[in-house]
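Report on the structure given below.
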Amino acid sequence: MTDSSFRLPRLQLSALAILISSLSFIVLALPVEAHHPIGDLSPKDYNIWQGIISGLTHPIFGVDHLIFLMSIGLTGLASIHRWVVPLIGCTIAGSLAGLISPPLLMQEAWVGLSLIALAVVALRNFPPVWVLPLITVHGYILAGTMVGAKIIPLAGYLCGLALSELVIIIGGFLLVRRFQPQLSLLAGIITGFGLSVAGAAVLS
């Protein structure tokens, strides 16, 4: 008996995922930037607790950052336990660099490109070690909203950021490895988000 069910080839399925995720991201108008959870209070007026809260929530409020962190588990890391320290270390290093260096031009375009690059790594076209410079870029960009903060709130921010990313990365790793058979589909979705973020940044 032949199987008469309709099945799209893998390449077409990935292309469809890219198209749908791009359109849905644009239509839903999800925020593509990390926002302060402390209202209009300037980072220079933060206390340590406000710094911690800011660090904890920045990766969550920035939908593109959240998608990136949760998708790291798709990149073929043999053991997330071996990669957690390098990943968080690169984030902190990127944030420290972002506090003392000029901000990147068209930051969200860089985030969008990092999502596309992550999808390429997930498809095994580049080794997983490429995730390290990509997450460093995210740390660099996230630090931009803390410029001017005092040392103690800044230390709280970095601790909160490290803890938040630790939980998201491990949670994402445990979640997405269940969907490894649909790797092409998920890579297409990530690419679609990346194209939407980068395109919005270029057109804005």
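The values are calculated or read from the model by the stated rules, or taken from the named source; none is laboratory data. Not measured: the values here are computed from a predicted model. A quick note on method: Cβ atoms are made from the backbone with ideal geometry, for glycine too, and the neighbour counts reach across all protein chains shown. Calculation scope for accessible area: heavy atoms of the full protein, side chains included, ligands and nucleic acids excluded. Shrake-Rupley method; radii C 1.70, N 1.55, O 1.52, S 1.80 Å.
When all protein chains stay in place, what accessible area (Å², nearest 10, 1.4 Å probe) is found for F179?
Looks like 100 Å² after rounding.
Order the peptides 120-127, 162-169 from the highest to the lowest mean number of other Cβ atoms within 10 Å of their residues.
For the peptides 120-127, 162-169, the packing ranking is 162-169, 120-127.
Any idea of the accessible area per residue across the range 86-204, 1.4 Å probe, to the nearest Å²?
In whole numbers, the range 86-204 has 46 Å² accessible per residue.
Obtain the nm distance between the two label points defined at A155 and S42 by a simple spin-label model: each point lies 7 Å from its Cα along the Cα-to-C-beta direction.
2.4 nm
If you build the Cα gyration tensor of the range 102-204 and take the root of 5 times each eigenvalue, what three semi-axes come out, in whole angstrom, biggest first? Working shown, then result.
Details: eigenvalues 140, 73, 24 Å².
Working from the Cα gyration tensor, I get semi-axes of 26, 19, 11 Å.
Sequence-distant or interchain residues sharing an amide H contact under 5 Å with G62, placed H: which?
The answer is H35.
Give me the number: length gained by fully extending H81 to S101, i.e. 0.36 nm times residue separation minus the C-alpha to C-alpha distance, one decimal in nm.
4.1 nm
List the residues, sorted by chain then number, that are 5 or more residues from Y46 or on another chain and whose placed amide H is less than 5 Å from its amide H.
Excluding prolines and chain starts, which carry no amide H, the hits are K150.
Whole angstrom only: what separates the Cα centroid of the range 80-140 from the Cα centroid of the range 147-204?
Taking the Cα centre of the range 147-204 as reference, the centre of the range 80-140 is 9 Å away.
PRE reach from L174 (point 7 Å along Cα→Cβ): which of the range 56-99 fall under 15 Å by backbone N?
So the set is 70, 73, 80-81.
Can you send over the carbon and sulfur percentage of the accessible area for the range 61-109, probe radius 1.4 Å, protein chains only?
Carbon-and-sulfur percentage of accessible area, whole number: 75.
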